[in-house]
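Peer 1: Here it is: the structure, laid out below.
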2 protein chains.
Amino acid sequence: MLFVGLLLCTIAASAQTLAERLGYSPGTKLIIVHADDLGETHAVNAAAMKALEGGTINSASLMVPCPWFPEMADYAKSHPDADFGLHLTLTSERVYYRWGPVAPADKVPSLLDKDGYFHHDWENNTHVDAKEVEVELRAQIERALAMGVRPTHLDSHQYRLIMHGKELFDVMLRVAHAYKLPVFVTRDWFAAYPYLQASLGPDDIVLDHTVTIEPEIPPEKWAEFYVTALKNLKPGVTEFVIHPGYDDEELRAASRERSTWGAAWRQRDYDFFTSDQFREVLAQQHIKLITWRELAGAAAAR
Amino acid sequence: MLFVGLLLCTIAASAQTLAERLGYSPGTKLIIVHADDLGETHAVNAAAMKALEGGTINSASLMVPCPWFPEMADYAKSHPDADFGLHLTLTSERVYYRWGPVAPADKVPSLLDKDGYFHHDWENNTHVDAKEVEVELRAQIERALAMGVRPTHLDSHQYRLIMHGKELFDVMLRVAHAYKLPVFVTRDWFAAYPYLQASLGPDDIVLDHTVTIEPEIPPEKWAEFYVTALKNLKPGVTEFVIHPGYDDEELRAASRERSTWGAAWRQRDYDFFTSDQFREVLAQQHIKLITWRELAGAAAAR
C-alpha cells in the first residue's frame, strides 16, 4: 500500500512539467542561453564574460583541462552569482592547440592519443574505458572545486558522455549524483538514445528541448535561424547551446583547420546573442530567461 | 705516458676557443639570436615564425608542456632546417593561463602545485625532487621526438636547471648527454655558479657570453640597450636570449599580472630584432650569425 502510494507520488511528480515545478504555468516559454567551451581560449573567455555582463547570455560551462581555465576560475570566484557549470571534457579536437587530462596520464591511458593529449576524436574502434572516464571526471570536478569554482551543473563537451552509449552516460550520472549536480539532458534526445531515459530517475532534472545551430546553416542565415527558433519555441524549458567567441588572431589560429565551430562561427553567435534583435524577439515572444541555478534550487526545494 | 698524452690533448682542446673550433679566427664575433618560449602562446609562435623567416632571428626553443606546442611541432616538421631546441620547462609562471607536466602527474608531485599545474615559482622552501625532474625532462624530450621535432639543443625555461644548484644541473646535463644534445651554458655564469664548470666535460659546448635585456631597462631605451651590447660585443660566441611576441589580446591577457616579459616587452624585442637598424649594426660591427645546429655539427666533427 505504501509502495503504491510512493509510486503514484513519483508518477505525479514526473507528470508535472519542469516549468510547473519552477512555479510557472505549463505554457510558459523559458530558455537558458548557454555558452559552451569557456576556458578553451582567451577569445572564448573574453567574449563570454562580456556577454554575461550584458545579461542575454546567462549561463555557461567551463573546460577544466584547458589552459585558460584559471582565468575563468578567477572570474567565477569574483562573480559568485554567475551560472557556471563544468563542461566535462574528454577530447582535444583541435590540431595546433591541444590539452590533456587532469588525472595522471598513466591512470587514464584509454583517453589519450600517442602524444599524450586527449584524442582528437573517438573513432568506432577507440576503446574508452569507463573506469578511467570516472577517474578523469572526478579529477576535473575536484580541480574546479579546489580552485574555488562552485558549479551549478554538468554537461559534456561534444556530447561524448551523452551519445557514446549507456555505460559512459551512467558514469556521468553517477558522478553528478555524487556531487549533487544536475546534468544537461533534454527529452529531445530520448528517441535517439533511449538509455538516457532508462538511467534517469524522478529526481533528475530533464530539460524539455534544446536548440543549437549546425554547419548546414550558411553564415548569412545565422540570425534568421535563431529568430525562427525563438518564434517557434515550444512551451517548457529549452537550452540554447551556443558558442560565442571573438574572431581574433588567437581563435583563428586555434581553429584554422576547419570552419565549423571556428572563429567566425563563434563571432556570429556572440553578435546575435548580444544584439538588440535578440532582446526584442525575447520580449515579443514573452520568453523568459532561466538559469541552472534556479532549476537546481527548485529541484532541491521539492 | 699515454695518460699524460691524453691529458695534454684535452687541455689543448679546451684552450682552443669555440670560434676556432668552428673554423673562425679567435677575434671573430659570432651571435645566436635566440627566441625563447615558443609554444607558450600563439602570439609568441606567430611572431617567432615571422621573424625566423626574415632571418635575423635564427634560433629558438620550444616549450613542450604548453598547449601551443603542437603548432610549433607542425612548423618544425615542415621546416627541418630551422634551429629549434627544447626549452625545458618546470614552471607555469602566469596567473590566468597555465600548464602542467608531460609526465603523469603522480610521477612528478614535487613539481606541481595544489591545483596540479607546475609551480608558479620555486620558493626557497619548495622541494624539487631531482629524480622527478629527470622523469619530466625525458617525458618532454620524448613527446617532442614522437611529434617529429628534431631538436638541436636544450635550454632551461627561467634558467631553473642552471641556477638552482648542482643536482638539477647534473640531471639536465645527464639527460642532454643521453640524447646527444648540447645544453645552453655560457662562461659568463661560471663565477656565480661554479658547479656548472665542475660538471661540464671537455666535449660539452660552452658559449662565451650571453646578452639578455632586464626589467631595469625602460621601454624607450630598448633599441639603445641592444645597439650598445652589439657595439661592445666581445669576440667569441654570444647568445642573445630574446623574447619576441605580438602585443595582441591573447598575449596581453596571458601576461597581464605584470609587465616583465609581458606583451609590450615581447613586441619591443620583435620590433628591434626584425628592424633594419639591427641588420645595419650587424653589418657595421662585422658580426656573424651562427646556430646551435652549426655548433653541434662542429662539436660532432671533432
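The values are calculated or read from the model by the stated rules, or taken from the named source; none is laboratory data. What you are looking at is a predicted structure, and each value in this text was computed from that prediction instead of being measured. So basically every Cβ, Gly included, is an ideal-geometry build from the backbone, and we count neighbours across all protein chains shown.
Peer 1: Run down A:Ala51, A:Ala82 and say which single residue is more than 26 Å from A:His177 (Cα to Cα) and surrounded by 19 or more Cβ atoms within 10 Å (Cβ to Cβ).
Peer 2: It is A:Ala51.
Peer 1: Then there is this: Examine region B:237-254 for a residue that is small (Gly, Ala, Ser), over 23 Å from B:Phe84 (Cα atoms) and part of a helix (DSSP H, G or I), and state whether such a residue exists.
Peer 2: yes
Peer 1: Hey, another quick one. Test A:Asp203 against the stated conditions and say whether it is charged (D, E, K, R), assigned to a loop (DSSP other than H, G, I, E, B) and over 15 Å from the mean Cα position of the chain (by Cα).
Peer 2: yes
Peer 1: Let me ask something additional. Among the candidates A:Met72, A:Met63, which residue alone is closer than 30 Å to B:Thr41 by Cα, within 15 Å of the chain's Cα centre (by Cα) and either surrounded by 19 or more Cβ atoms within 10 Å (Cβ to Cβ) or at pLDDT below 95 (or both)?
Peer 2: Going through A:Met72, A:Met63 in turn, just one is closer than 30 Å to B:Thr41 by Cα, within 15 Å of the chain's Cα centre (by Cα) and either surrounded by 19 or more Cβ atoms within 10 Å (Cβ to Cβ) or at pLDDT below 95 (or both): A:Met63.
Peer 1: Taking the stated definitions as given, is A:Asp113 within 12 Å of chain B (Cβ to nearest Cβ) and either in contact with a Phe, Trp or Tyr (Cβ under 9 Å, 6 or more places away or on another chain) or surrounded by fewer than 20 Cβ atoms within 10 Å (Cβ to Cβ) (or both)?
Peer 2: It is true that A:Asp113 is within 12 Å of chain B (Cβ to nearest Cβ) and either in contact with a Phe, Trp or Tyr (Cβ under 9 Å, 6 or more places away or on another chain) or surrounded by fewer than 20 Cβ atoms within 10 Å (Cβ to Cβ) (or both).
Peer 1: In addition: Determine whether A:Pro80 is assigned to a loop (DSSP other than H, G, I, E, B) and within 11 Å of chain B (Cβ to nearest Cβ).
Peer 2: no
Peer 1: Among the numbered criteria (1) modelled with pLDDT under 95; (2) among the hydroxyl-bearing types (Ser, Thr, Tyr); (3) outside any loop (DSSP other than H, G, I, E, B), which one does A:Ser25 miss?
Peer 2: Every condition holds for A:Ser25 apart from (3).
Peer 1: Please verify whether region A:86-99 includes one or more residues that are modelled with pLDDT of 95 or more and over 30 Å from B:Met147 (Cα atoms).
Peer 2: Checking region A:86-99: at least one residue is modelled with pLDDT of 95 or more and over 30 Å from B:Met147 (Cα atoms).
Peer 1: Of the numbered conditions (1) more than 13 Å from every other protein chain (Cβ to nearest Cβ); (2) within 26 Å of A:Asp113 (Cβ to Cβ); (3) not in a loop (DSSP other than H, G, I, E, B), A:Ala43 satisfies every one except a single condition; which is it?
Peer 2: Status for A:Ala43: all satisfied but (1).
Peer 1: Within the bounds of region A:166-187, is there any residue that is part of a strand (DSSP E or B), away from chain B (no Cβ under 14 Å) and without any contact (Cβ under 8 Å) to a residue 60 or more places away in the chain?
Peer 2: yes
Peer 1: Please find, among A:Asp203, A:Asp208, the residue that is surrounded by 15 or more Cβ atoms within 10 Å (Cβ to Cβ) and more than 20 Å from A:Thr89 (Cβ to Cβ).
Peer 2: A:Asp208
Peer 1: Select, from A:Lys221, A:Lys288, A:Lys234, the only residue that is more than 14 Å from chain B (Cβ to nearest Cβ), part of a helix (DSSP H, G or I), surrounded by fewer than 16 Cβ atoms within 10 Å (Cβ to Cβ) and basic (Lys, Arg).
Peer 2: Among A:Lys221, A:Lys288, A:Lys234, only A:Lys221 is more than 14 Å from chain B (Cβ to nearest Cβ), part of a helix (DSSP H, G or I), surrounded by fewer than 16 Cβ atoms within 10 Å (Cβ to Cβ) and basic (Lys, Arg).
Peer 1: For residues that are out of contact with any Asp or Glu (no Cβ under 8 Å at 6 or more places or on another chain), farther than 20 Å from B:Val237 by Cβ and touching a residue at least 40 places away in the same chain (Cβ under 8 Å), tally how many sit in region B:41-57.
Peer 2: 5
Peer 1: Restricting the search to region B:83-104, which residues are facing chain A (nearest Cβ under 8 Å) and not aromatic (Phe, Trp, Tyr)?
Peer 2: Correct list: B:Val95, B:Arg98, B:Val102, B:Ala103, B:Pro104.
Peer 1: A further question follows. Taking the criterion of being among the aromatic types (Phe, Trp, Tyr) and under 24 Å from B:Pro104 (Cα atoms), would at least one residue in region A:118-126 satisfy it?
Peer 2: Yes.
Peer 1: Does region B:121-130 contain at least one residue that is away from chain A (no Cβ under 14 Å), within 28 Å of B:Glu250 (Cα to Cα) and buried (at least 16 other Cβ atoms within 10 Å of the Cβ)?
Peer 2: Scanning region B:121-130, I find at least one residue that is away from chain A (no Cβ under 14 Å), within 28 Å of B:Glu250 (Cα to Cα) and buried (at least 16 other Cβ atoms within 10 Å of the Cβ), so the answer is yes.
Peer 1: Right, something else. Could you count how many residues in region A:48-71 are at the interface with chain B (Cβ under 9 Å from one of its Cβ atoms) and either in a helix (DSSP H, G or I) or of a type in the set (D, E, K, R) (or both)?
Peer 2: 3
Peer 1: Still on this structure, I have one more. From the set of residues in region B:83-120 that are without any contact (Cβ under 8 Å) to a residue 24 or more places away in the chain and not in a helix (DSSP H, G or I), which is nearest to B:Ser255 (Cα to Cα)?
Peer 2: Among those that are without any contact (Cβ under 8 Å) to a residue 24 or more places away in the chain and not in a helix (DSSP H, G or I), it is B:Arg98.
Peer 1: Mind telling me which of the residues A:Asp276, A:Asp269 ends up being buried (at least 18 other Cβ atoms within 10 Å of the Cβ), under 29 Å from A:Val237 (Cα atoms) and either away from chain B (no Cβ under 14 Å) or free of Cβ contacts under 8 Å to residues at least 24 places away in the same chain (or both)?
Peer 2: Selected residue: A:Asp269, the only one of A:Asp276, A:Asp269 that is buried (at least 18 other Cβ atoms within 10 Å of the Cβ), under 29 Å from A:Val237 (Cα atoms) and either away from chain B (no Cβ under 14 Å) or free of Cβ contacts under 8 Å to residues at least 24 places away in the same chain (or both).
Peer 1: Among the residues of region A:212-238, what is the count of those that are in contact (Cβ under 8 Å) with a residue 60 or more places away in the chain and within 17 Å of A:Asp36 (Cβ to Cβ)?
Peer 2: Qualifying residue count, region A:212-238: 1.
Peer 1: Under 6 Å between Cβ atoms, at least 6 apart or on separate chains: pull out the pairs that start in region A:241-255 with a residue that is in contact (Cβ under 8 Å) with a residue 12 or more places away in the chain and within 11 Å of chain B (Cβ to nearest Cβ) and end on any residue that is buried (at least 24 other Cβ atoms within 10 Å of the Cβ) and among the charged types (D, E, K, R).
Peer 2: The qualifying pairs are A:Glu250/B:Glu250.
Peer 1: Consider only pairs whose beta carbons are under 9 Å apart and that are at least six residues apart or on different chains; among these, list those whose first residue lies in region B:137-160 and is within 13 Å of chain A (Cβ to nearest Cβ) and whose second residue is among the charged types (D, E, K, R) and part of a helix (DSSP H, G or I).
Peer 2: Partner pairs satisfying both residue conditions: B:Ala139/B:Lys107; B:Met147/B:Asp74; B:Met147/B:Lys77; B:Gly148/B:Asp74; B:Gly148/B:Lys77; B:Val149/B:Lys77; B:Val149/B:Arg143.
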